[in-house]
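Student: First, the structure itself, so that you have it in front of you.
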Amino acid sequence: MATKAPAVELDVRGRTVRVTSAERVVFPQRGLTKLDVVQYLVAVGDGVLGALVERPTTLERWPKGVFEGARLSTRSDSSGDAFYQKRLPQGAPPYVETAHITFPSGRTADEVAPTELAVVAWAANLGTLTFHPWPVTRADVDRPDQLRIDLDPQPGTDFADAARVAPHLRELLAEHGLEGWPKTSGGRGLHVFVPIEPAWTFVEARRATIALGRELERRLPDAVTMKWWKEERGQRIFVDYNQMARDRTIASAYSIRANPRATVSTPLRWDEVADVTPDDFDVTTVPARFDEVGDLFAPLAAGVPGRFRLDSLLELADRQARDDGAGDLPYPPEYPKMPGEPPRVQPSRARRPAAEEPATP
């Protein structure tokens, strides 16, 4: 009978974190083990902790690794090899703190809210690759302190297309007195985060994002879409406004993505956006980059001063409503019906126009 390999103990800023099954291969294509994953997160510790500190955080856990055919469980199918952990796992050490949150359904949970790097390493030992923090702090879980803009390439487009849209987004933000910080999603997309004062609700922050996306779409109609239904988007970059809805999260900066290359969601300088690809940044390359450039997302950490206001974007939303009749847009399907929301009916399944209806006898 094979002898079980002993756990590896790491000193993570004064805490001892045990890494069990340390030699288990997590990314077969790269030969990366669980210990490699934990050591990567410690190497970029100031960055990943800055992205997570004091924030309710969902853990995306891949306990068996990212092997060929591995899939993530969903709401409708829980039989996957990986899953989202929204509640504090059993057996968590006492230094793992939580935030009490309420989901759109009205259900509540105590979710991990990292306060120190050992929490990140502990979560990685559980198979966590991607950390999904809320855009709030546990001091006020109802008011976002980040505006998160997701430039999501649709079929027929890729990261380069999102990168071409990004300078226009930056210009538009500046027109409204805002500054954004870009990062790769770790996949095909590009994220831009804006630190904001926690003075607005999720509904207001989402409305500001919709206004921003609509104006971007107006300026770049052939490149950008705000259409919620995939069948209407075409080969354009979708501004995923529902990433600002309550309980919708985006992979944190420095999170590892569950793909064969072990890419990392990586902060960028604006002058880099046009010249990089997502594959440039992975578990093996990001630590050296971090040592060189530091944490480019440091201004977004909880409590850092210099946050922006949304007044101008909300005024834009009012003008769009007044001048164009632009109302709300559909919420994700798991949400209760929201005030002012249009019908959640896929256009191809909507009721036929009256002219096509059979005549009434």
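The values are calculated or read from the model by the stated rules, or taken from the named source; none is laboratory data. All values derive from a computational prediction rather than experimental measurement. Don't worry about glycine lacking a Cβ; one is built from the backbone with ideal geometry, like all the others, and counts go over all protein chains shown. With ligands, DNA and RNA removed, areas are computed over all heavy atoms of the protein, side chains included. Shrake-Rupley method; radii C 1.70, N 1.55, O 1.52, S 1.80 Å.
Student: So D275 fits all but one of (1) in contact (Cβ under 8 Å) with a residue 40 or more places away in the chain; (2) in contact with a helix residue (DSSP H, G or I) (Cβ under 9 Å, 6 or more places away or on another chain); what number is the exception?
Tutor: The failed condition is (1).
Student: If you go through the stretch 52-86, how many residues are closer than 25 Å to R24 by Cα and open to solvent by 80 Å² or more (accessible area, probe 1.4 Å)?
Tutor: Number satisfying all stated conditions: 5.
Student: Considering only residues that are in a loop (DSSP other than H, G, I, E, B) and without any contact (Cβ under 8 Å) to a residue 12 or more places away in the chain, look in the stretch 216-267 and name the one that is nearest to A302 (Cα to Cα). So that I can check it myself, show each step before the final result.
Tutor: So in the stretch 216-267, the residues in a loop (DSSP other than H, G, I, E, B) come out as 220-223, 226-229, 233-236, 240, 245-255, 257-262, 265-266.
Of the ones still in play, those that are also without any contact (Cβ under 8 Å) to a residue 12 or more places away in the chain are 221, 227.
Working: P221: 35, K227: 32 Å.
Restricting to residues being in a loop (DSSP other than H, G, I, E, B) and without any contact (Cβ under 8 Å) to a residue 12 or more places away in the chain, the top hit is K227.
Student: Right, next: Residues D295, D318: which one is outside the structural domain of A253 (by the TED database), open to solvent by 30 Å² or more (accessible area, probe 1.4 Å) and either more than 21 Å from P167 (Cα to Cα) or not charged (D, E, K, R) (or both)?
Tutor: Values: D295 fails: outside the structural domain of A253 (by the TED database).
Within the list D295, D318, the selection yields D318.
Student: Any residue in the stretch 79-96 that's within 12 Å of T57 (Cβ to Cβ): show its pairings with residues that are modelled with pLDDT under 95 at Cβ separation under 6 Å, as long as the two are six or more apart or on different chains.
Tutor: Cβ pairs passing all conditions: none.
Student: Within the stretch 133-149, is there a residue that is out of contact with any Phe, Trp or Tyr (no Cβ under 8 Å at 6 or more places or on another chain), among the aromatic types (F, W, Y) and within 20 Å of A113 (Cβ to Cβ)?
Tutor: Checked the stretch 133-149: at least one residue is out of contact with any Phe, Trp or Tyr (no Cβ under 8 Å at 6 or more places or on another chain), among the aromatic types (F, W, Y) and within 20 Å of A113 (Cβ to Cβ).
Student: Here's something else I'd like to know. Those residues that are among the basic types (K, R) and farther than 15 Å from F193 by Cβ, I need them from the stretch 213-269; list them, please.
Tutor: Of the residues in the stretch 213-269, the ones among the basic types (K, R) are 214, 218-219, 227, 230, 233, 236, 246, 248, 257, 261, 269.
R214, R218, R219, K227, K230, R233, R236, R246, R257, R261, listed by residue number.
Student: Kindly indicate whether any position in the stretch 184-207 is in a loop (DSSP other than H, G, I, E, B), farther than 24 Å from W134 by Cα, open to solvent by 40 Å² or more (accessible area, probe 1.4 Å) and out of contact with any helix residue (DSSP H, G or I) (no Cβ under 8 Å at 6 or more places or on another chain).
Tutor: Initially, the stretch 184-207 is screened for residues in a loop (DSSP other than H, G, I, E, B), giving 185-189, 197-201.
Retained after the next criterion (residues that are farther than 24 Å from W134 by Cα): none.
No, the conditions are met nowhere in the stretch 184-207.
Student: Taking the stretch 124-181 as the region of interest, how many residues are assigned to a helix (DSSP H, G or I) and either within 18 Å of G50 (Cβ to Cβ) or assigned by the TED database to the domain that holds L316 (or both)?
Tutor: Residues of the stretch 124-181 assigned to a helix (DSSP H, G or I): 124-125, 159-175.
From the residues that got through so far, the ones that are either within 18 Å of G50 (Cβ to Cβ) or assigned by the TED database to the domain that holds L316 (or both) too are 124, 159-175.
Adding up the residues that qualify gives 18.
Student: Go through the stretch 303-315 and give me each residue that's open to solvent by 30 Å² or more (accessible area, probe 1.4 Å) and either outside the structural domain of T201 (by the TED database) or of a type outside the set (S, T, N, Q) (or both). Before you say what the answer is, go through the steps one by one.
Tutor: Pass one, the stretch 303-315, residues open to solvent by 30 Å² or more (accessible area, probe 1.4 Å): 303-309, 311-312, 315.
Passing the criteria: G303, V304, P305, G306, R307, F308, R309, D311, E315.
Student: Which residue is nearest to P287 (Cα to Cα), if the candidates are limited to the stretch 15-35 and must be surrounded by fewer than 20 Cβ atoms within 10 Å (Cβ to Cβ) and touching a residue at least 40 places away in the same chain (Cβ under 8 Å)?
Tutor: R30
Student: Within the stretch 323-345, is there a residue that is under 17 Å from V203 (Cβ atoms), modelled with pLDDT of 95 or more, open to solvent by 70 Å² or more (accessible area, probe 1.4 Å) and assigned to a helix (DSSP H, G or I)?
Tutor: no
Student: For the stretch 227-257, what are the residues that are hydrophobic (A, V, I, L, M, F, W, C) and buried (at least 22 other Cβ atoms within 10 Å of the Cβ)?
Tutor: Initially, the stretch 227-257 is screened for residues hydrophobic (A, V, I, L, M, F, W, C), giving 228-229, 237-239, 244-245, 250-251, 253, 256.
Passing the criteria: I237, F238, V239, M244, I250, A251, A253, I256.
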